[in-house]
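Everything below concerns the one structure shown next.
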Amino acid sequence: MRTTPRLLAALLALGASTAARADVIEASSTTLFTAGQQTRGGAPGAKPDLATVTPLYEIVNVSARQVRNPLFQDLEFVLSGWGAYDLGDVRWDAGTTGHGTGDLQTGYVRGQLFDRAVALRAGRAFVTAGAGRMLQLDGGDLLMRLPGGVSVAAFAGSPVSQRFTTRDGLKSWNPAGGDLAYGGRVGWSIGFPGAYGRGLDVGASAVVVEKSGDPVRQDAGLDLRLKPLAAVVFTANGTYSIYAGKVAEGAVGVLWDATKHLFVNADFRYARPDLFLSRASILSVFTDTDRKEIGGGVRYHLTEALLVGADYHALLEPGEEGKTELGHDAAARAEWEHGETSLGVEASVLRTDNTLANKKGGYVGGRLFGRRELGQAFVTADVTAHQLTVEVNGHKSAVTGTLAAGYRITPLWSAVLAGRAGVTPFLEQQADLMVKLVYNQTYRAREVK
């Protein structure tokens with residue numbers, strides 16, 4: 001893992017050397033300062049201590065696209081990372097005992113060959129296709145687009161360990177839990193005449209994660225997207241854990257633009273949370289159950305300014321003695337926008353089986369939010385409240401409010417000030433402050449001949 005800073009330095013040097021020849025360069029920088037309190041220690045039944053934490057963050061994103069070169073088409077360089085320094089007490093979730101920390105989210109170079117029939121990428125990136133489940137790797141991937149609508153993708157690398165620590169899943173924040181990962185996807189697609197996007201795309205994929213040669217994860221997946229009509233899209237995907245011999249997850253959904261103003265969706269989802277974890281994780285023994293959800297939602301534009309919507313899912317969860325418990329997850333929302341002002345209201349209800357307390361758990365929630373544009377400035381307000389059905393630390397209610405104001409200093413620079421306060425079952429009083437300074441710029445250059 002210690003080679004990662006060298007990789008970053010190499011990417012920076014390479015990016016700097018090619019920046020002058022890139023047609024599009026995008027750069028953004030966010031300076032973020034927050035101040036609040038975190039709990040520390042506290043024996044069972046005792047009041048925990050509160051520590052004041054004041055971290056300062058710097059988030060940087062740089063990309064150079066359409067870099068002119070003699071070999072690749074659409075050559076691009078992408079770099080995204082952040083650094084932080086705790087001015088006061090060190091946050092318990094900083095991943096280090098020191099005041100300084102940071103990480104590289106993505107850092108890769110990608111290009112295409114043979115009239116874009118082959119795409120190559122190397123560096124730190126996410127595997128998104130098929131059964132990848134957003135696996136973050138230091139490595140490379142290959143995509144080949146073959147005749148007849150066939151595509152073949154392959155990847156290999158080492159799973160990323162956050163904060164530049166060891167890749168050992170037992171000693172780091174490495175969510176994959178291994179030191180080697182590889183896999184790929186074979187797909188086939190065909191387009192239908194008519195509206196844009198009509199067609200069929202199907203694929204089969206596999207991913208393997210190992211730790212010192214021992215299997216941590218072995219998954220195979222299938223995915224499908226079908227758009228038979230301009231207004232209807234069907235999607236389906238499933239993942240099978242080869243090592244466990246069980247289905248890890250699956251989903252089927254349909255999206256329907258019924259009219260210009262009405263949008264409808266329906267879906268079914270199945271998941272086994274223990275198979276999302278590393279096989280070596282001790283947490284997997286506490287989640288050896290499955291979850292099923294079935295339901296859908298609607299969105300309707302009552303007027304040009306008013307949008308309303310509602311969602312409902314039935315929750316099928318395992319109960320005692322092999323029984324299935326029925327829960328409910330419902331929400332309704334209305335949004336109104338006129339000129340420089342927007343307002344919204346939400347209501348939500350969750351009812352689920354609480355096997356630990358041997359009673360029904362859940363909440364009833366509500367939210368009010370709004371935004372007002374004032375020329376180069378804006379103000380926002382957001383209030384969220386929940387009433388729990390089961391007491392937590394002797395309390396059943398939680399209320400949190402946020403106020404924010406921002407100002408566009410120049411076309412490239414913006415500043416935001418936000419404050420949050422609330423009362424929850426976990427903190428009698430909660431308050432924090434955030435100051436954010438943002439820089440965004442896109443440079444476009446065209447070679448003159």
For this session: Working only within region 219-231, note down all residues that are surrounded by 18 or more Cβ atoms within 10 Å (Cβ to Cβ) and not charged (D, E, K, R).
Result: A220, G221
For this session: Answer yes or no: is there a residue in region 74-86 that is in a loop (DSSP other than H, G, I, E, B) and either over 28 Å from N237 (Cβ atoms) or touching a Cys at 6+ places or on another chain (Cβ under 9 Å) (or both).
Result: no
Problem set entry | Yes/no for H313 being surrounded by 14 or more Cβ atoms within 10 Å (Cβ to Cβ), at pLDDT below 95 and of a type outside the set (G, A, S) | no
Exercise. Looking at region 405-425, is at least one residue open to solvent by 60 Å² or more (accessible area, probe 1.4 Å), polar (S, T, N, Q) and either in a strand (DSSP E or B) or more than 30 Å from D23 (Cβ to Cβ) (or both)?
Worked result: no
Exercise. Could we say that R351 is surrounded by 13 or more Cβ atoms within 10 Å (Cβ to Cβ), assigned to a strand (DSSP E or B) and at pLDDT below 95 here?
Worked result: yes
Exercise. Any residue in region 371-391 that is closer than 22 Å to A332 by Cα, surrounded by 13 or more Cβ atoms within 10 Å (Cβ to Cβ), out of contact with any helix residue (DSSP H, G or I) (no Cβ under 7 Å at 6 or more places or on another chain) and at pLDDT below 90?
Worked result: yes
Exercise. From the residues in region 151-166 that are among the hydrophobic types (A, V, I, L, M, F, W, C), more than 10 Å from G183 (Cα to Cα) and open to solvent by 40 Å² or more (accessible area, probe 1.4 Å), which one is modelled with the highest pLDDT?
Worked result: V152
For this session: List every residue pair whose Cβ atoms lie under 6 Å apart, where the two residues are 6 or more positions apart in sequence or sit on different chains, the first residue falls within region 322-345 and is under 14 Å from R371 (Cα atoms), and the second residue, located anywhere, is open to solvent by 80 Å² or more (accessible area, probe 1.4 Å) and among the aromatic types (F, W, Y).
Result: L343/W336
For this session: Might you let me know whether region 183-194 holds any residue that is out of contact with any strand residue (DSSP E or B) (no Cβ under 8 Å at 6 or more places or on another chain), assigned to a loop (DSSP other than H, G, I, E, B), open to solvent by less than 40 Å² (accessible area, probe 1.4 Å) and modelled with pLDDT under 95?
Result: no
Seminar exercise, completed: All-but-one check, D49 against (1) open to solvent by 60 Å² or more (accessible area, probe 1.4 Å); (2) more than 26 Å from A418 (Cα to Cα); (3) of a type in the set (D, E), failing number (2)
Seminar exercise, completed: Only unsatisfied item for T287, checking (1) modelled with pLDDT of 90 or more; (2) surrounded by fewer than 17 Cβ atoms within 10 Å (Cβ to Cβ); (3) more than 21 Å from the chain's Cα centre (by Cα); (4) not charged (D, E, K, R), is (1)
Exercise. Hey, R91 hits all of (1) surrounded by fewer than 16 Cβ atoms within 10 Å (Cβ to Cβ); (2) in contact (Cβ under 8 Å) with a residue 24 or more places away in the chain; (3) outside any strand (DSSP E or B) but one; which does it fall short on?
Worked result: (1)
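Condition check ((1) open to solvent by 60 Å² or more (accessible area, probe 1.4 Å); (2) at negative phi; (3) not in a strand (DSSP E or B)) across all residues:
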position: V233; (1), (2), (3): no, yes, no
position: A236; (1), (2), (3): no, yes, no
position: Y240; (1), (2), (3): yes, yes, no
position: Y243; (1), (2), (3): yes, yes, yes
position: E249; (1), (2), (3): no, yes, no
position: W256; (1), (2), (3): yes, yes, no
position: N265; (1), (2), (3): no, yes, no
position: Y270; (1), (2), (3): no, yes, no
For this session: Kindly indicate whether V252 is β-branched (V, I, T), under 21 Å from the mean Cα position of the chain (by Cα) and closer than 30 Å to P215 by Cβ.
Result: yes
Exercise. Does L135 meet the test of being more than 23 Å from S189 (Cα to Cα), in contact with a helix residue (DSSP H, G or I) (Cβ under 9 Å, 6 or more places away or on another chain) and buried (at least 17 other Cβ atoms within 10 Å of the Cβ)?
Worked result: no
Problem set entry | Qualifying residues in region 190-246 (those that are in contact (Cβ under 8 Å) with a residue 60 or more places away in the chain and β-branched (V, I, T)) - the one nearest to F263 (Cα to Cα) | T239
For this session: Quick one: in region 6-28, of everything that is assigned to a strand (DSSP E or B) and crowded, with 16+ Cβ neighbours inside 10 Å, which residue is modelled with the lowest pLDDT?
Result: A22
Exercise. Has region 323-342 got at least one residue that is aliphatic (A, V, I, L, M), at pLDDT 85 or above and exposed (fewer than 14 other Cβ atoms within 10 Å of the Cβ)?
Worked result: yes
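The values are calculated or read from the model by the stated rules, or taken from the named source; none is laboratory data. Quantities reported herein were computed from a predicted structural model and do not represent experimental measurements. Cβ: placed from backbone, ideal geometry, glycine included. Neighbour counts: every protein chain shown. Just the protein is used for accessible areas: all its heavy atoms, side chains included, with ligands, DNA and RNA removed. Shrake-Rupley method; radii C 1.70, N 1.55, O 1.52, S 1.80 Å.
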